[in-house]
Every structure is written in C-alpha cells, then in structure tokens.
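Peer 1: The following block contains the structure, expressed as structure tokens.
The values are calculated or read from the model by the stated rules, or taken from the named source; none is laboratory data. Everything numeric here is computed off the predicted structure, so don't read it as measured data. Cβ sites come from the backbone with ideal geometry, for glycine too, and all protein chains shown count toward neighbours.
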Amino acid sequence: MLLAILSGFLIAICLLFLGKQLKGNLPLAVSILPITLFVYFCTFLPGIGEGQTFFQHIPWIPSMGIHLDFKLDGLSLLFSLLITGIGSLVFLYSSSYLKGHIYIGRFYGYLCVFMASMLGVVLSDNLLVLFVFWELTAISSFFLIGFNNDNEASRKSSLLAWAITGGGGFFLMAGFILIGNVSGTYSLQEMLSSSELLKSHFLYAIMLFLIFAGAFTKSAQFPFHFWLPGAMKAPTPVSAYLHSATMVKAGIYLIARFTPILGNHPYWNNTLLIVGGITMVYGAFHSIFRIDLKGILAYSTISALGILVFLLGIGTHDALLAASVFILVHAFYKAGLFLIAGVIDHETGTRDVSQLAGLRKVMAPLAIAGGLAALSSAGIPLTLSFVSKDLIYEATLNSGNSALLFTLIAILTNIFLSYSGYLAGIKPFVGSLPAKFSEVHLPSGFMWLPPLFLGLGGLLFGLFPSLLDSSLIQPVIHAMGANDTVVSLKLWHGFNTVLMLSALTIVCGIILYLILKPSLKRLNAIGKLDSFSPQTIFMSLAKGTKFIALRYTKFMHNGFLRSYLTKIIFFLVCLIGYYLIRNVDIQLYTDKHTAISMYEAIVFSIMIVAIFTIVFSPSRFVAIISLSVMGYCMCLFFVYYGAPDLAMTQFTIDTLTTVLFVLVLLKLPPYLRIKDKAAQVRDGFLAGAFGILISVIALQVLNEPTNKNISRFYADNAYLLGKGKNVVNVILVDFRGYDTLVEITVLTIAAIGVYSMLKIQSSEIE
Amino acid sequence: MTSNFIILPLLLHMATAIVLMFLWKRITAQRIISVISNIVILIVGILLFMQTWKTGIITMQAGNWPAPFGITFVADVFSSTMVLFTSISALAVSIYSTVGINRARMKYGYFPIFHFLFMGLNGAFLTGDVFNLYVWFEIVIISSFVLMTLGGKKPQMESAIKYVAMNMLASVIFLTAIAILYGLTGSLNMADLSIKIAQIENRGLVNITGLLFFIGFGIKSAVFPLYYWLPSSYHTPPSAIAAIFGGLLTKVGIYALFRFFTLIFIPNEFITTAFSLIAVATLITGALGSIIKRDMRRMFSYLIVCHIGFMIAGLGLFTEVALAGALFYLFHDIIVKTNLFLVSGIIYRIKGTMNMPKLGGLYAEYPKLSLIMAIVFFSLVGIPPLSGFWPKINLFQAGFFGGNYLLIVAMIIASFVTLYVIAKMWTEAFWKTAPPLDPDEKAYIDGFTVLRPFSKLLLVFPVVMLMMVSLYIGFGAENIMVISKHIAAQMMDTSPYIKAVLGNEALNIQ
C-alpha cells in the first residue's frame, strides 16, 4: 500500500521538474498509473468481501508515535476504488481536454500528488499520518484551482479554498492531538477500544468541535461551503475529480471513520443533523438558480455532501447503509455530469445553461451520457441512484422522533437536486440547436467515453445491485461500526411508502423542470441574498481583522525609536516592579556600606552634570559627547578601585564607540525634540522609576550574604599561581583571559567599522 | 570529558577573520578562503556533534583554571547542535555572499566581520560562563551593526541605529542582571550558579534577577513587547546579511533563554504563566503584522516574530515534551529563516523589488526555481510532512496536557496566518502576471539571467542546500526529535551538566 501511495508522489516529482518533455501522447501514458492502482485495489475485493482487513506497518517517527500504518478495510477500499477509478477516467479525459497545453506536465504532476495524498488519507491508520496526507490534498487542490494562474479569479478562489480548508486543517490537527492525548494512541484501530473513554471525557465537546471544524471545511458544509463554487475555476476534470467525487468527501470519510469511535452521542448526532440538514437544503435550493453549468453542479455537490453528513448524523444502520451507497452513486453521476459540462465548455465555449440547447444533434453519445447521469441524479428506477434514494428515505423514515421532518427535508432536497440534474444533464441536449452551435462536433473519445462509461456503470449497478452489497457495501458499514448487519441491496422493494416518496420526488422534479426556465434574472434575484451569505460575513471578518492588524501594528511599531525604548522600559518596570513589590520584603539599610570618599563624590557630580546635559541638550552631538564623559567617569572609578588596565581598555572602547556613533549619526536626519510637555513628563517619570527600581534591587542584593569563595581564590592565587601582583590584572589576562580576548576582538571589529565607514566611497555602492 | 577541541568552531572563525584581514581588498582570495573555512568548520561542527552525542558532555577549562574559578566552555548536545545548525547556515550564506554581496562591501571587510559574527555566535553557544556569554553577545552586536552599516545609505543607517540602540539596552539589562547575580552568588559559572541559586533563600530576589535576564534576552529574541528592533532593521540590509540576522540573531537569544531558565533559574508558576502569555502575544503580534505588510521582507520579519512565539510557548509550558517541541522548532527555524532571506535575495535580483503588488510572473519565468522556493515556503508554513509541522505536534500535546487552551488557540491562529500570508504571497509574486510599469518608472533588467552560469549556481546552490536540510528535518523528523528529546531531558535533569563542569563531587556537597 505504501508503494501505491509513493508511486504517485514519485511520478509527480518527475512530472513537475521534467514537465516540458511531456508532449504528444505522452500524457496518456501517465494514466497507466491510476489504472494500475485501480486494478491493484480491485484485487482486494474478494478478501474484503470475506471480512478481512489488510495491514502494513512501517515505523517512521517512533519517538512521537507516528508510524506509516496503512489499513485497508471496506471503507478504505470504497474510497480507494473511487479515487483510482474516477482518477483513471479523469486522467484519460484530461489528456484530451488539455491537449497541447504548455503546462500539461505540471497539471498531471499536481493530479498525481493529489491522487497519492487522497489514497494516503483513506488508507492511513495513524491519525497524524492521515493529517499529513489531508494537508497535501489541500495543497494539490490549491495548485489545481489556481492552474490558470494568470487569471485573477482563479488565484483568488484557490487562495480562498486553501485558507478555508487549511484553516480547518489546523483545528483538525489540534483535534487529532487531543484525541491522541486522551486515548494514548494515534492509531485509529487501537482507538476503537477507547471509544467510551473518549465519549465520557470532559473535553469530548472540544474534540467534536475540532474534528468537525476540519471535516466541515473540507467537505464544504454550511457555513464554510462558499469556497467550493469558487473552486470551479479549476479546469473541469479537476472539479469532477477533486471537488465533487473525492477530495470534498474526505471530510465525509473522516466522519464515517470516527463514527465507531466518537459517534452515537447526542452531541455528535445533533451537530451532524443540523449542519448536514442545513447544507443539503441550502445547496439544493441555490443550485436551482444557477445558470452556469459548473455553478449548478457545485451547489448540487454541496447539497449532496450535506445529505451524506445528514445521514451520518442519523447514524442508524439504515442511514449508514444509505450513506455508503450514496457516496458511490454520487461519484458516478456527478463526476459524469462534470465531465459532460467540460466537453460542452470545451466545444461550445460556454457553460451558460440558458443558452445551451439541442446539442444531441451534434454530440449524440454525450447526450446519452448526460441523460443517464440526469436520470441517475433524479433517482429514476433501474439506476443505482434509485436504490440509494430508497435507502435514504428508509433511513429518514426509521429515524425515530423527527422522522417526519427529516423525510420532508430529504424530499425537498431531492426534488431540487433532480431539477438541477435535469438542467445539467438534459437541458443542453434537448430542443432545437441554435445556429451558433451548428459547427460544434464531438471531441476525441477520451472525452466523451468516460462520462458515458460512468452513466452505464450507474445503470449496471442499478440493475444488479447485488454486485455490490456483500462484496463492498457490507464491509463499508462494518467499518463504520455496524458489525452485524447483513446487506442485501435490491432494486425492487415492493409497493410501499418509500416507493411512493421516490415517485413523488421524480414527478415533482419533472414538473419543476417544466415550469422553471434558467435565466439570468433569477440568478440576479438570488444574488441579492449575497449580503447575508456566510461568504460576505467571512469576508467582512477578514477585512475587520486586517483593519485591526493595521491599527495595532501602527500603534506598536510606529517608527520612532524613542517610543520603542519607552515601551520596553515600561514593560520592564511593570513586570519587575510588580514582582518586587509582591514578593520581596524591601529593606533599605545603608549602615553596612562604606562612606563615600572625596574622589567618588567629585566623579559622581561630574556624572550627574553629564546626565543632565545629555537629557536637556538640544544637539545630538553634545549629547554624545556627554555620554562619553559618562564613560570616562566610569574609567575614573576603575582607576580609583585599582584597575588601571581595565580603565585603559574602557577608555579606548569608549572613544571608538563614540567616533562610530558620531559617524553614523551624521548620516541621520536632524534631531527632533519632543515638544509635548506631557510626553516629557511621562518619559521623565518612567526613567526615574526605572532608575529607582534598579537601585532598590541593587540595595537588596547588597543586603544578602555574599559568597566570597571565588574572589578569595583570586586574591589568594593571583601571585602564587598567576605570577602577578595586581589581582585585577591577573583576572583580566589569566583567570578570565577569554573575556579580554573577546573584548579586544570587539574593539577590532569596531575599528574596522570606523575605518570602512570613513573610507568607503558611496560611488562604490550600487 | 575534557577536550580543547570544543572551542575549535570559534577559534577557526577567528583565525579565518584574521587571515582575511590581511587579504584586505583581495576579494577573490577572501571569497575562496571564507567558503573553505566554513566547510572545515561545518565538518568540525559535525564531529563535535557526534562526539557529544556519543560520549556526553565535553568541557574545556580555559587556562586550565578549574571551574568555577576560570572560564569554562561546555559542549553538550544542545550547544553542539546549535553550532552544527549555525555552521550549516554559515556555509550557505558564505557561498551566497560570494555573488550576493557587492564588491565594495567585500573590499571593506565584509568577510572578516562575517567570520567574527559567527565566532560570536559559536562562542555564545559553547560558553559555560555567564559573563563570557555577555562578551560573545557584544561581538554579535558589534559585528552585526558593522555589517548593517557597511556601505549603507540612509535607510540602512536609520535601521542600524534602531537595532543597536535596542540591543545595547538589552546588553545593559543583561549586564545589570549579571551584576545582581554575582552579588547574590559570587559566581559566574553556569553550573556553579545552578547549585548556588538553588540554595538562596530570598526567592523573590532570585526570580527578579531571572526576570531581568528574561528581558535582556527577550529583546534579543524579539518577543512581545520587546521585538521592535526586528521589524525595524531586517528589511534594509543586503539579503545575505538579512539571512544571517533572520536565521540566527534571534536564535541566540532563544538559546540563552533556554539555557538560563532550565539550568539556572527554574521558573516558578508566575514566570511560566508570564512566558505563556508573552508567547500568545508574540504569536498574535507577529501574525497581525505579517498580514498587512506588502513588502516581502517586512512580512518575513513579522513572521520571525510570530514564530519566536512557538519557542517561547515551549518555555511557558515547561514540560519535557514541550521543550523538545520548541527545540525542534528552533533547529527548523534556523535553517528555514536563513533560507527565506536568501530566497528573497534571489527574487530581488530577478525583479528589482520586494513589493508584492509589483512582483509577478516568477512561476512562469523560473518554474524550477519557483518550485524549490515553494518547498522553502511550505517548510516555513509547516505543511506536513515538512519541517515546521512536527514540533507543533509536541507543543499542542503539551498545551492540551497542561490545559493551556489560550496558547493552543494562539498557535492555531499563528499557523493559519502564516499559511495565508505565504499562500497570498505565492499567488502574487509567483502566479500573477507581472503588472505593467508606471510610465515614469525605469524598466528593471533581470539581474539574475545576466549572471554567468557559475554565479547563478553560487546563488541557487545555498538555497537548495538549505532546502535539502529542511527536507531532511521534515522527513527524517525521527532523528531530530530524538535529539530534541535528549536535550529536553538534559534540561529537566541538569545533574549531568553540573557533574561534567564541576566534577562528580559538586552535587554531593550541598
């Protein structure tokens, strides 16, 4: 299984870096990859049907509990087959759709990354590995949506899509880690036994919030759905593959995967029911107003994803069964409809459904595919979708207290969906052919065969649903925790309520189709609701954040050095002053200290004068000179305390740094004095507080008993071991010689700096 | 174990700098010697790391004065890993500089000062003495200041002044803290301090000293609300210099914070809470700043601030898992941030601007280079399985474990904003078609295409090299995590460090 995933990445890397070599029919050759993988996964069907699961374990980062654990059970297999199966068709289709495109190599590269990552998502048993692949699908989606990157709308949509799914991704990551923390493992398999522990944990609600944030953003649930219509800027095969059949179902996969672990709890079920319910109605309702083929399909996809979430929310075995069949059905007909829309767009240059008509005359096989897909979407008998629709109604009818409500909204959604199915699959082909489309002709078989194939597949499984039940669907719902259910799919259930409801849906859908004609006017009418749409709200939130960011950053980082220094000192005084007052018993004794001598007093007075000169001088130059007076006074203290060498060093350093300073300052704009009296008082107060604070701390330290071990060692051994009579000198050049070495180096660097700044000609700098 | 070998990483830089000073103006020789020297130092760094990994902590008592009387150099796994990653960055930047730095700067001492700077960094990582650390910091400040001003014009001067003023303030606070510490304990040796500080009864005063150190190092690490120098100064110097700054200057502050607050001052609840809050504020401040910047390098500067928050978060959570995560992040960050500025340098050379609205078309013009840059950006964002992803797991784990939800929210926001701004930058600089020039603007001639192939290689190779290291950190995360965990364990139990410096008896005396 690892090889199955890695192969995609390896081929992708080759394609991305050698993409230019991919010309002529070579793109077609890339399709061998998904086809091979599809066959490979098909070989697991018998084993999975017998209830086996397949494991692969490769240690990766054992110290974090992260292993490349892959597990293939029914649920994984269903998705793997979809990914590689639809993938094969999309790969073949794209070779013709993007024939001659200069970046076709790049395109296939992204597509391979996506396929491999998506397989990784559904095969990983380790949550964090799953997350790795999860994020990789988001990136490949980003690159694919933005494939036509010179188009601004494409760039915006891809950014939006990544922002929403990526943002959700971080929540998901937090959720995975929290669940891992609580259950003590990242393995989904092992987590099954911690189900009760997790559900009774006091952070259970947080876990759900985090997991759902990830799943709902990815699977375009209300109110995060709005990235999906934007994602339609991607080339159509990408929309078919990522944004309808597979990637957007990753969230569904995740919820299904967690059903036996976190599911069957009121929080879980109710959240899914509410979000899924809103999404399915909202998406379906919006889909009937669109006139862009891909827009219709995008909203109906949102609705379908809502149905899936809703079914998982019901959570009964019936509902899980309905969900698993619907995943398959939806992939069949929706991918088909997308591919058809792609052909129409490719050949006629428009996707406006109010203009498209009569294309059956020029593209008969495509019309058949469209018809099949539309019928499938409506759930007409003999298609697999009919079976699925029955199952959905059965699930809602048997869902307990709210059965009536659930059934009603399911019917409503299905009516809208069948309408939009007709619109996308039938409308473009019926009626009379407008003159401008008379030149349109059928493209290469690689483009019309895949949708036809999907349509026929839906029909085949519809006629013989037993092909699927025990071999694929039963293991799927077993993986979701319904261990003892025996699945037997039938086309015909007899005359019962469910059948009535199905019939009602179909009839209403047809009536709706006959009454409502797609038009720009209605699109504009629904457009008026946009100001309340989640997208608008999100966008204004983003705008607000940006505004705050601007204000805040300007406030904090306003360009004035003095303001920065003020803030730093203010922080220091607050933090340390607070701690000092709270935790230290302040005692100010001076009796232990020696008296101040004459020399000290004089030097000290000079320093005071210098300080005031610095503070009040109108000239920057004078201030710097006074500053160096301060430095020299310090040197005098060193001399006084018997360290002439140190004083000499200090003299040199002070002189050099002053020169350096002056040189730099000459290049600066003139000195600005703060006129604001209040600011001056504030700064003076702050400076005073800082000085007092440090003095108090210093006095406190002097009260502490001192440990003189080390200084005594120096005094005792300076002459004996260091062969020097001046202890300070011995410390400088011997005991702590490295400090002096480094200080000398500092001096050297400063000297180089001064020299270069004086010498370097500005003409030499370009 | 004692060995003089451990100060080789700093002595070699010093020796190189001295040799280079004698080759003043002979810039070809300077370039070659600098690169060779960095290769040698990298090899030494690798050997040093392997030795500390195998045999444990190595010490060197300078002048053979026994600790705590002389200056002790200590190479534990933390130090040697820092030296190793620094040496990798140094090599990359030195190769890049051979083309990326203009000749005037090279003629006036760029390379000698470059080596002095790295001498300072390695010295700071290897010293076991508080005051000695201070003098290494001095080297770092003065050499970075000279590098910034070298051949600089007004904008460089202005930012250099801000840089040096705030860093001097940091040094003054650091020095004051040392004085107080010496007054309390009478010692400067870190291992000795570790023992002596624990014995002092006036805990209030001890913690105040710790907080003073925190502010000193916090300014250097650019944490909230002390970060101002960083966004003020990183966008003006040439990219090679900005790369050193971006990769390493803040990290030496982080290193010191980790060293001090695990070895000497064991944080109490007040301090860890303060760290957590500061981490949150740093993450948010950096994130907010990066949203609004239209200049690529200014945006990167704010991202540096933002990501410092992840490392401080590790200190705030203060568990072994969190520290390991923060260390992992530190190592990842050194490489990726250095690379980020090298990448921006190449973009600047191609386009002549860093202003994102004016950029565009890079993906079409340089598809392969763009993909390499994309990997760098994605490592930064922490797209799994690249290097920035793994440490976050540890930090999240520790955050949940300690119930620090505020920190988790801040980390999510910071990660999200990083993703968003980088993705946005990608769409603008790489995807968008370059906008037409204003009528009064001179057309910029691509300064990259005109280079000789070898010069191009010298610019691109360092980026690829660092990208490979980032990829290794990502895909070989196990190794990095094992190292980080080892260091974190040594931080929680410092007795091996103390024993290595002061001998086995030191711990028994008390």
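Peer 1: State all residues of segment A:41-76 that are in contact (Cβ under 8 Å) with a residue 40 or more places away in the chain and hydroxyl-bearing (Ser, Thr, Tyr); if no residue qualifies, say none.
Peer 2: A:76 - this is the single residue of segment A:41-76 that is in contact (Cβ under 8 Å) with a residue 40 or more places away in the chain and hydroxyl-bearing (Ser, Thr, Tyr).
Peer 1: Could I ask something else about it? Does residue B:330 count as assigned to a helix (DSSP H, G or I), at pLDDT 95 or above, over 18 Å from residue B:448 (Cα atoms) and not basic (Lys, Arg)?
Peer 2: Yes.
Peer 1: Using beta carbons and a limit of 8 Å, which pairs, at least six apart or on different chains, have the first residue in segment A:419-431 and without any contact (Cβ under 8 Å) to a residue 12 or more places away in the chain and the second one part of a loop (DSSP other than H, G, I, E, B)?
Peer 2: Sorted first by the residue in segment A:419-431, then by its partner, the list stays empty.
Peer 1: More than 9 Å from chain A (Cβ to nearest Cβ) and closer than 20 Å to residue B:241 by Cβ, is that true of residue B:347?
Peer 2: yes
Peer 1: Sticking with this one: When you go through (1) surrounded by fewer than 24 Cβ atoms within 10 Å (Cβ to Cβ); (2) facing chain A (nearest Cβ under 10 Å) one by one for residue B:228, which number turns out not to apply?
Peer 2: Result: residue B:228 fails condition (1) only.
Peer 1: Quick check on residue B:266: is it buried (at least 24 other Cβ atoms within 10 Å of the Cβ) and either closer than 30 Å to residue B:151 by Cα or more than 9 Å from chain A (Cβ to nearest Cβ) (or both)?
Peer 2: Criteria not met by residue B:266.
Peer 1: Which of the residues belonging to segment A:195-248 are crowded, with 24+ Cβ neighbours inside 10 Å, assigned to a helix (DSSP H, G or I) and hydroxyl-bearing (Ser, Thr, Tyr)?
Peer 2: A:217, A:236, A:239, A:241, A:244
Peer 1: Another question, then. Using beta carbons and a limit of 7 Å, which pairs, at least six apart or on different chains, have the first residue in segment B:190-213 and in contact (Cβ under 8 Å) with a residue 24 or more places away in the chain and the second one of a type in the set (Gly, Ala, Ser) and in a helix (DSSP H, G or I)?
Peer 2: B:195/B:506; B:209/B:177; B:212/B:177; B:213/B:177
Residue-by-condition table, conditions (1) surrounded by 19 or more Cβ atoms within 10 Å (Cβ to Cβ); (2) within 24 Å of the chain's Cα centre (by Cα):
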| position | (1), (2) |
| --- | --- |
| B:354 | yes, yes |
| B:373 | yes, yes |
| B:385 | yes, yes |
| B:391 | yes, yes |
| B:400 | yes, no |
| B:406 | no, no |
| B:446 | no, no |
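Peer 1: Looking at B:49, B:78, can you tell me which residue is without any contact (Cβ under 8 Å) to a residue 40 or more places away in the chain and under 19 Å from the mean Cα position of the chain (by Cα)?
Peer 2: Of B:49, B:78, the one residue that is without any contact (Cβ under 8 Å) to a residue 40 or more places away in the chain and under 19 Å from the mean Cα position of the chain (by Cα) is B:49.
Peer 1: From the set of residues in segment B:400-419 that are polar (S, T, N, Q) and touching a residue at least 60 places away in the same chain (Cβ under 8 Å), which is nearest to the other protein chains (Cβ to nearest Cβ)?
Peer 2: Out of the qualifying residues, it is B:418.
Peer 1: Could you say which residue among A:462, A:421, A:455, A:445 is within 24 Å of residue A:95 (Cβ to Cβ), assigned by TED's automatic domain parsing to the domain that holds residue A:493, surrounded by 22 or more Cβ atoms within 10 Å (Cβ to Cβ) and not hydrophobic (A, V, I, L, M, F, W, C)?
Peer 2: A:455
Peer 1: Let me ask you something else. When you scan segment B:234-300 for helices (runs of 4 or more DSSP H) that lie fully inside it, which ones turn up with 2 or more residues that are within 26 Å of residue B:162 (Cβ to Cβ) and touching a Cys at 6+ places or on another chain (Cβ under 6 Å)?
Peer 2: B:269-292
Peer 1: Does residue B:21 satisfy the condition of being more than 24 Å from the chain's Cα centre (by Cα) and either at pLDDT 95 or above or in a strand (DSSP E or B) (or both)?
Peer 2: No; evaluated as a whole, the condition is false for this residue.
Peer 1: Let me ask something additional. Identify the residue in segment A:148-166 that is more than 8 Å from every other protein chain (Cβ to nearest Cβ) and under 12 Å from the mean Cα position of the chain (by Cα) and, among all such residues, is surrounded by the fewest Cβ atoms within 10 Å (Cβ to Cβ).
Peer 2: Checking each candidate, the answer is A:160.
Peer 1: A further question on this structure: Which pairs turn up if I take residues in segment A:167-178 that are over 15 Å from residue A:261 (Cβ atoms) and more than 9 Å from chain B (Cβ to nearest Cβ) and look for partners that are in a helix (DSSP H, G or I) and acidic (Asp, Glu) with beta carbon separation below 6 Å, at least 6 apart in sequence or on another chain?
Peer 2: Final answer for the pair search is none.
Peer 1: Among the listed residues A:175, A:100, which satisfies the condition of being surrounded by 24 or more Cβ atoms within 10 Å (Cβ to Cβ), of a type outside the set (D, E, K, R) and either over 20 Å from the mean Cα position of the chain (by Cα) or at pLDDT 90 or above (or both)?
Peer 2: A:175
Peer 1: Give just the number: which of (1) farther than 22 Å from residue B:303 by Cα; (2) at pLDDT 90 or above; (3) at the interface with another protein chain (Cβ under 9 Å from one of its Cβ atoms) does residue B:157 not satisfy?
Peer 2: With (1) farther than 22 Å from residue B:303 by Cα; (2) at pLDDT 90 or above; (3) at the interface with another protein chain (Cβ under 9 Å from one of its Cβ atoms) applied to residue B:157, the lone miss is (2).
Peer 1: If you check B:169, B:181, B:175, B:150, which single one turns out to be more than 10 Å from chain A (Cβ to nearest Cβ) and either closer than 25 Å to residue B:78 by Cβ or of a type in the set (A, V, I, L, M, F, W, C) (or both)?
Peer 2: B:175
Peer 1: State whether one or more residues within segment A:358-372 are modelled with pLDDT under 90, surrounded by fewer than 21 Cβ atoms within 10 Å (Cβ to Cβ) and not in a helix (DSSP H, G or I).
Peer 2: Within segment A:358-372 (the criterion being modelled with pLDDT under 90, surrounded by fewer than 21 Cβ atoms within 10 Å (Cβ to Cβ) and not in a helix (DSSP H, G or I)), the answer is yes, since at least one residue qualifies.
Peer 1: Shifting gears a bit: Output the number of the condition that residue A:490 fails; it satisfies all remaining conditions of (1) in contact (Cβ under 8 Å) with a residue 12 or more places away in the chain; (2) within 14 Å of another protein chain (Cβ to nearest Cβ); (3) in contact with a helix residue (DSSP H, G or I) (Cβ under 7 Å, 6 or more places away or on another chain).
Peer 2: All conditions pass for residue A:490, except number (2).
Peer 1: Given the condition out of contact with any Pro (no Cβ under 9 Å at 6 or more places or on another chain), part of a strand (DSSP E or B) and within 14 Å of chain B (Cβ to nearest Cβ), answer yes or no: does some residue in segment A:3-13 qualify?
Peer 2: Scanning segment A:3-13, I find no residue that is out of contact with any Pro (no Cβ under 9 Å at 6 or more places or on another chain), part of a strand (DSSP E or B) and within 14 Å of chain B (Cβ to nearest Cβ), so the answer is no.
Peer 1: So, one more: Answer yes if at least one residue in segment A:183-191 is closer than 26 Å to residue B:400 by Cβ, among the acidic types (Asp, Glu), surrounded by fewer than 21 Cβ atoms within 10 Å (Cβ to Cβ) and more than 14 Å from chain B (Cβ to nearest Cβ), and no otherwise.
Peer 2: yes
Peer 1: Also: Residues A:536, A:553: which one is surrounded by 16 or more Cβ atoms within 10 Å (Cβ to Cβ), within 37 Å of the chain's Cα centre (by Cα) and without any contact (Cβ under 8 Å) to a residue 60 or more places away in the chain?
Peer 2: A:553
Peer 1: Consider segment B:96-109. How many of its residues are part of a helix (DSSP H, G or I) and at the interface with another protein chain (Cβ under 9 Å from one of its Cβ atoms)?
Peer 2: The total comes to 4.
Peer 1: Same structure, new question: If a residue has to be without any contact (Cβ under 8 Å) to a residue 12 or more places away in the chain and either of a type in the set (Ser, Thr, Tyr) or out of contact with any helix residue (DSSP H, G or I) (no Cβ under 6 Å at 6 or more places or on another chain) (or both) to count, how many in segment B:123-157 make the cut?
Peer 2: So the count comes out to 3.
Peer 1: Inspect segment A:105-126 for any residue being out of contact with any helix residue (DSSP H, G or I) (no Cβ under 9 Å at 6 or more places or on another chain), surrounded by fewer than 24 Cβ atoms within 10 Å (Cβ to Cβ) and either within 11 Å of chain B (Cβ to nearest Cβ) or not in a helix (DSSP H, G or I) (or both) and give the result as yes or no.
Peer 2: No, because not a single residue in segment A:105-126 is out of contact with any helix residue (DSSP H, G or I) (no Cβ under 9 Å at 6 or more places or on another chain), surrounded by fewer than 24 Cβ atoms within 10 Å (Cβ to Cβ) and either within 11 Å of chain B (Cβ to nearest Cβ) or not in a helix (DSSP H, G or I) (or both).
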